[in-house]
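Reading through the structure tokens given below for one structure.
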Amino acid sequence: MNVVFTCGGTAGHINPAISVANLLRERKPEAKILFVGAEGEMETKLVPQEGYRLETLKISSYERKLTPKGIWHNLVTLKNLRDAKKKADRIIREFQPDVIVGTGGYASYPMLHQGAKRGIPTAIHEANAMPGLTTRMAADSATRIMVCFEESKAHYKHPERVQVVGMPVRQAFLYTTRAEARERLGLKDEPLVISAWGSLGAREMNKRMADFLALEVRDGCPWRHVHATGSFGWKWMPELVKEKGVELSAHPELDLREYIHNMPDLMAAADLIITRAGASSLNEIEAAGTPCIIVPSPNVTDNHQEKNARVLERNGAAVVLLENGLTAQALYDTARDLLADAPRRKAMREALQRMAVVDSAERIYNTILELAAKK
């Protein structure tokens, strides 16, 4: 069996494909696996590290602002797409895939499109509640559309092809217990709050988080708090926090970091997480069952983060606050109220656990086997 995984651009697109590829390699060691991504993107590092062969396509985005510069950019994108389709054809002829699985990013479209034209079974995994551009372009010809949320089915023309599979996450998010994690972290009964705005960080929300930390100090640091600034925020946020009157060395309860590398332990141990609404993050939160305040990024295509967050909110699994007009005081008050309301946090944990798909990689793996058998 020959399987192509095509994805690119962000870890949220790449890691689910790697998780399923690892399961396929474990269960079917004779299977041949090829990844196809975009030149110069994150997959060029992550995929080879896992021991998989990677082919790349030259891909560029679409510019929605139709200024002269935007129009020229889109003309270049169309040329790149035409060339990428030609290379996709060559890859298909040489590799002879039985199934092509796309997990997001512009790089996945040429392979899915050309594969469907040649009669090869194709499957798309859409991480967000609403279909993104690549999914919309490929959905009509796809053999199977795999989504994370039951509510997402309504957004597709062919609901009979849509299957709820969730989002593959690391096993540690699923099986790390609160007691084990708190013991490893040296925590007793004190509440723990985690906050992060993504790997790069968000300047405006990091500014508000600096004021949030100052409010904690004003109130005597009523809980432990780990905040990840992201790579950009790390360059300036520690100094801003100091300007706000927060001397971190005098307050060991406040832990400012560039990144959180032990997130499964911290999330399992936490009483509350404050974060964005990227699909990967939300699925990790569901898997861990951690009560959450979600502040969706307003700077994403089609406002998809708010749509993701609203799915959790409707299920009683999250509190959603919008960034526009949000003050540090309002965010702090919401966190303080949630931490004082144990029954509500218990209900949120239960709602998250009901939503979590713990066998997501297994479901996608079974879909691959089903499609390969049809070919």
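Could you pull out the residue among 26, 30 that is acidic (Asp, Glu), part of a helix (DSSP H, G or I) and modelled with pLDDT of 90 or more? First the steps, then the outcome.
On the way: 30 fails: part of a helix (DSSP H, G or I).
One residue alone meets the criteria, 26.
From (1) in contact with a Leu (Cβ under 9 Å, 6 or more places away or on another chain); (2) modelled with pLDDT of 90 or more; (3) of a type outside the set (Phe, Trp, Tyr), pick out the condition that doesn't hold for residue 11.
The single condition residue 11 does not satisfy is (2).
From the list 269, 279, which residue is at pLDDT 95 or above and within 22 Å of residue 176 (Cβ to Cβ)?
Numbers: 279 fails: at pLDDT 95 or above.
269 is the lone residue from the list that is at pLDDT 95 or above and within 22 Å of residue 176 (Cβ to Cβ).
Show the residue pairs that are 6+ apart or on different chains and have beta-carbon atoms under 7 Å apart, the first residue being within the stretch 328-354 and closer than 17 Å to residue 289 by Cα, the second being of a type in the set (S, T, N, Q).
What qualifies is 351/315.
Listed residues 116, 139, 123; which is of a type in the set (A, V, I, L, M) and surrounded by 23 or more Cβ atoms within 10 Å (Cβ to Cβ)? Walk me through how you get there before you give the answer.
On the way: 116 fails: surrounded by 23 or more Cβ atoms within 10 Å (Cβ to Cβ); 139 fails: surrounded by 23 or more Cβ atoms within 10 Å (Cβ to Cβ).
Only one candidate qualifies: 123.
Looking only at the stretch 308-343, count how many residues are of a type in the set (Lys, Arg) and either at positive phi or under 19 Å from the mean Cα position of the chain (by Cα) (or both).
Selection size over the stretch 308-343: 1.
All but one of (1) within 26 Å of residue 298 (Cβ to Cβ); (2) out of contact with any helix residue (DSSP H, G or I) (no Cβ under 8 Å at 6 or more places or on another chain) hold for residue 207; which doesn't?
All conditions are met except number (2).
Residue 101 - would you say it is more than 23 Å from residue 1 (Cβ to Cβ) and in the same structural domain as residue 40 (by TED's automatic domain parsing)?
It is false that residue 101 is more than 23 Å from residue 1 (Cβ to Cβ) and in the same structural domain as residue 40 (by TED's automatic domain parsing).
Using the structure shown, decide if residue 285 is in the same structural domain as residue 17 (by TED's automatic domain parsing), in a helix (DSSP H, G or I), buried (at least 22 other Cβ atoms within 10 Å of the Cβ) and touching a helix residue (DSSP H, G or I) at 6+ places or on another chain (Cβ under 8 Å). It would help to see each step written out before you state the result.
Working: in the same structural domain as residue 17 (by TED's automatic domain parsing): no; in a helix (DSSP H, G or I): yes; buried (at least 22 other Cβ atoms within 10 Å of the Cβ): yes; touching a helix residue (DSSP H, G or I) at 6+ places or on another chain (Cβ under 8 Å): yes.
Answer is no for this residue.
Cβ contacts < 6 Å: first residue within 18 Å of residue 325 (Cα to Cα), restricted to the stretch 288-303; second residue assigned to a strand (DSSP E or B), any location; separation 6+ or different chain. Result?
Partner pairs satisfying both residue conditions: 293/274; 293/319; 294/320.
What do you reckon, is residue 74 out of contact with any Ser or Thr (no Cβ under 6 Å at 6 or more places or on another chain), over 25 Å from residue 367 (Cα atoms), at pLDDT below 90 and polar (S, T, N, Q)?
Working: out of contact with any Ser or Thr (no Cβ under 6 Å at 6 or more places or on another chain): yes; over 25 Å from residue 367 (Cα atoms): yes; at pLDDT below 90: yes; polar (S, T, N, Q): yes.
So residue 74 passes the test.
The values are calculated or read from the model by the stated rules, or taken from the named source; none is laboratory data. Everything numeric here is computed off the predicted structure, so don't read it as measured data. Cβ sites come from the backbone with ideal geometry, for glycine too, and all protein chains shown count toward neighbours.
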